[in-house]
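Asks: After the structure tokens below, expect a handful of questions from me.
The values are calculated or read from the model by the stated rules, or taken from the named source; none is laboratory data. None of these values were measured; they are calculated from a predicted model. Counting neighbours? That spans all protein chains shown, and the Cβs are built from the backbone with ideal geometry, glycine included.
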Amino acid sequence: MALLFITPFYAVFAVAMGTVDPIFRNPVPVWQPWYWDTSQIVEVFGKIFGTGGQSAIFAPAFIRTFENVFAASALCLILGYPVAYFVARHSGKRKNLFLLLLIAPFWISYMMRMLAWVNILQPDGYLNMALAWLPLDFLPIANGHFGWLEGHQATVVFGIIYGYIPYMILPLFAGLDRIPQSLLEASRDLGASAPRTFFRITLPLSKPGILAGLVIVMLPMFGDYYTNNLLSRRPTTSMIGNLIDNNVGVPSRVSEAAVLVLFLAVILIVPMSYYLRTTSRQEASD
């Protein structure tokens, strides 16, 4: 923890609270806390909330990040839960095969998977070719030449879902697989229907897996910038990660990027704290 987390995080603090070289405009970290300067934090705070005479130029990216993360996390859960449920309850002897197929995407680079989507979503890609054959005259995509890569927020959301949904399915499977079959059989023996058994037994007992899956996918989603860079490259779809990435590329704005990292860390503390509190309560009750 000291080597891989505390030390790098302290370095981010030193850069965020440091100064900028007046000649070369490079960031100068300040390692002594008693010399830290919070003016950079105040400035970034103003750019987010529009205070201190600053224009809220970062606010759209923050709002868009929350929209994308919540939408992508919800869809990951909706799409991933049936898959995890099937593998845990109905795959039988093929369970190991299905688990292998679920893990297989991790063997391929995230960049390669996103580049594959870039080819699919091109104006002359396979998706537009397929849509051209469907009776969708009432939609703007009916002509089969829709510009999926031209700065559409939905494209970024679907790319994030594709990239992170395996991280949702595996915790869900682990949670569902641990539910004792005897509880389900007892519910059915007492006259409960299959839907009632699911909503009264399976779903509540799978809550730890749901929370774990949501936390695991939400944490990297908040800092994701690469998906937007590949599937949009437009400022109209930028997220917090893109703000950090853009500022890191400019030496005089590295301190601002470090402050944005701190703001992002504060945001991520909320779901992590809720998850840890919920799991500790459940362990105590068990």
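Asks: Name the single residue that is surrounded by the fewest Cβ atoms within 10 Å (Cβ to Cβ) among those in the range 235-252 being within 19 Å of the chain's Cα centre (by Cα) and outside any helix (DSSP H, G or I).
Replies: Going through the qualifying residues, I end up with 238.
Asks: If residue 53 satisfies every condition in (1) surrounded by 19 or more Cβ atoms within 10 Å (Cβ to Cβ); (2) on the phi > 0 side of the Ramachandran plot but one, which is the exception?
Replies: Among (1) surrounded by 19 or more Cβ atoms within 10 Å (Cβ to Cβ); (2) on the phi > 0 side of the Ramachandran plot, residue 53 violates only (1).
Asks: Which residue pairs have Cβ atoms closer than 9 Å, lie 6 or more positions apart in sequence or on different chains, and pair a first residue in the range 149-161 that is on the phi > 0 side of the Ramachandran plot with a second residue that is surrounded by 19 or more Cβ atoms within 10 Å (Cβ to Cβ)?
Replies: So the pair list comes out as 151/232; 151/237.
Asks: Please verify whether residue 39 is surrounded by 12 or more Cβ atoms within 10 Å (Cβ to Cβ), over 25 Å from residue 219 (Cβ atoms) and of a type in the set (Ser, Thr, Tyr), treating the condition exactly as stated.
Replies: In short, no.
Asks: On to the next question. Considering only the range 79-118, state which residues are closer than 23 Å to residue 230 by Cβ and exposed (fewer than 11 other Cβ atoms within 10 Å of the Cβ).
Replies: Answer for the range 79-118, where residues must be closer than 23 Å to residue 230 by Cβ and exposed (fewer than 11 other Cβ atoms within 10 Å of the Cβ): 104, 107, 108, 109, 111, 112.
Asks: Of the numbered conditions (1) over 11 Å from the mean Cα position of the chain (by Cα); (2) modelled with pLDDT under 95; (3) of a type in the set (Val, Ile, Thr), residue 227 satisfies every one except a single condition; which is it?
Replies: So the condition that residue 227 fails would be (1).
Asks: Being under 18 Å from the mean Cα position of the chain (by Cα) and charged (D, E, K, R) is the filter here; which residues of the range 97-131 pass it?
Replies: 113
Asks: Within the range 185-198, does at least one residue satisfy the condition of being at pLDDT 90 or above, closer than 25 Å to residue 220 by Cβ, assigned to a helix (DSSP H, G or I) and within 31 Å of the chain's Cα centre (by Cα)?
Replies: Checked the range 185-198: no residue is at pLDDT 90 or above, closer than 25 Å to residue 220 by Cβ, assigned to a helix (DSSP H, G or I) and within 31 Å of the chain's Cα centre (by Cα).
Asks: What about residue 69, is it among the β-branched types (Val, Ile, Thr), modelled with pLDDT of 90 or more and in contact with a Leu (Cβ under 7 Å, 6 or more places away or on another chain)?
Replies: In short, no.
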